[in-house]
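Student: A single structure is presented below for examination.
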Amino acid sequence: MSGEELAELRERMRRLEAAEIARDHLHAYARILDDPRPETVTALFAPDAVLTTPSRKANGRAEIREFYAWAFRADASIKRHFITNARTIWLGDSRVRVQAQVLFTGRGAERSVVGWGSYDDIVDVSGPQPRFTEKHMVIEVSTDLVAGWPHAPEVR
């Protein structure tokens, strides 16, 4: 193997490793949401990260923490989150874009919850711990089992 081929192989391995670290970071996010504490979720974000939803944008960890505190108060059901169809894209500079679908189920005091949506994130894998630098999430459906989803979902 030539020096050039070896360098190319090392670069490919670096990109593949970065993709797996970013994918695992998204799965860690889902696991942390199953035990919702704003501080724990916020620790997954870079200090200057941006969180975007269709109705809100949070800049930096303080605003991101406020968002999750609000979201966890608004829906206190016990949830389980499932990440599917994760796709990674190497962006260079130790940044990986991860696009995925999210499914969740939940149990509240008087109802069962089901829903789904999508994530489109950028993860910086350069430090000792990966961090979201951007997180864009769209929840397409969030309903209970009685109401179901008989009509076209309303994007939130």
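Student: Taking 0.36 nm per residue of separation and subtracting the Cα-Cα distance, what length does fully extending residue 101 through residue 69 add?
Tutor: Once the chain is fully extended between residue 101 and residue 69, it gains 9.2 nm.
Student: Angle, helix 60-74 long axis vs. longest principal axis of the chain, Cα atoms, 0 to 90°, nearest 10?
Tutor: Between the helix axis and the principal axis of the chain, the angle is about 30 degrees.
Student: For a quick check of your reading of the filter: which GluC sites (Glu not before Pro) in segment 56-156 sit in a DSSP loop and have no more than 14 other Cβ atoms within 10 Å?
Tutor: Those that pass, being in a loop and sparsely packed, are 110, 154.
Student: Can you sort 1, 137 by solvent-accessible area, 1.4 Å probe, largest first?
Tutor: From most exposed to least exposed: 1, 137.
Student: Report the calculated FRET efficiency for residue 40 and residue 12 (r = Cβ-Cβ distance, R0 = 35 Å), to the nearest 0.05.
Tutor: 0.55
Student: Net charge near residue 58: determine it from the other residues with C-beta under 13 Å of the C-beta of residue 58, scoring Lys and Arg +1 and Asp and Glu -1. Please report the intermediate quantities before stating the final value.
Tutor: Details: positive: 56, 57, 61, 65, 135; negative: 48, 63, 66, 134.
Charge balance near residue 58 sits at +1.
Student: Quote the relative contact order of the chain in percent (integer), defining contacts as alpha-carbon pairs under 8 Å separated by 6+ residues.
Tutor: Relative contact order of the chain: 22 percent.
Student: Still on this structure: What angle, in degrees between 0 and 90 and rounded to the nearest 10, separates the Cα long axis of helix 3-33 from the longest principal axis of the Cα atoms of the chain?
Tutor: 20
The values are calculated or read from the model by the stated rules, or taken from the named source; none is laboratory data. Everything numeric here is computed off the predicted structure, so don't read it as measured data. Cβ sites come from the backbone with ideal geometry, for glycine too, and all protein chains shown count toward neighbours. Accessible surface is based on the protein model in full, side chains and every heavy atom, while ligands, DNA and RNA are left aside. Shrake-Rupley method; radii C 1.70, N 1.55, O 1.52, S 1.80 Å.
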